[in-house]
Amino acid sequence: MKRGWIALAMIALSLILGGIEYGYVTMNVDAYVQMLDDADDKMTHSLVYEAQSVAERLDNRFRKQSGIFNIFMYHSEVGHISSDLAMLRRYAQTGSVEEFLATSACAKREILTIRDAKLLKWENIF
C-alpha cells in the first residue's frame with residue numbers, strides 16, 4: 001500500500017512540476033512574441049531607433065534566460081534563436097527593414113516552437 005501512495009505522490013509531483021514549467025515557458029514565449037511584434041511594428045513605421053531599442057532589450061533578455069531555456073530545449077535550437085535575435089539587433093542598427101522583418105519572423109517561429117514542444121500532445125509524450 002505504501003508503494004501505491006509513493007507512486008501517486010511521484011505522479012502528482014511530476015504533474016505539478018510540468019505545469020509550472022509550462023506556465024513559465026508560455027509566459028516568456030508570449031512576452032517574446034509581443035516584443036517581436038512591437039519591434040516589427042516600429043520598424044515598418046520607420047521608427048528605427050525605437051525598433052533598435054526593443055531589439056536590444058529582446059536580445060539581452062534572451063541571453064539572460066538562455067540558460068533556463070537550455071534545460072527545456074536542445075542547445076542548438078536556443079543557439080539559433082540567440083543568433084537570430086543578435087542579427088535582429090544588427091539589422092535594426094543598419095535600418096534594413098526587409099532583413100529585419102524576415103529575421104523577426106524566423107525568430108518568432110522558433111520561439112513558438114518552444115511552447116508547442118511543451119503542449120500536452122501525444123507526439124510530445126512519446
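Every number in this text was worked out from the coordinates using simple rules, so none of it is lab data. What you are looking at is a predicted structure, and each value in this text was computed from that prediction instead of being measured. Methodologically, a virtual Cβ is constructed for each residue, glycine included, from the backbone with ideal geometry; neighbour enumeration extends over all protein chains shown.
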With Cα springs under 10 Å, the Gaussian network model of the chain assigns the largest mean-square fluctuation among I114, I16, I68 to I16
Excluding residues fewer than 8 positions from K64 in its own chain, the aspartates and glutamates with Cα under 15 Å of it are E56
Protection proxy (average C-beta count within 10 Å per residue), highest first, orders 100-111, 40-51 as 100-111, 40-51
So for R0 = 22 Å, FRET eff. of R109-S66 from the Cβ-Cβ r, to 0.05, ends up at 0.80
Contour minus Cα-Cα span, W5 to S96, at 0.36 nm per residue, comes to 26.7 nm
Among (1) 1.01; (2) 0.94; (3) 1.14, the entry matching Rg/Rh (Cα atoms, Kirkwood Rh) as calculated here is (3)
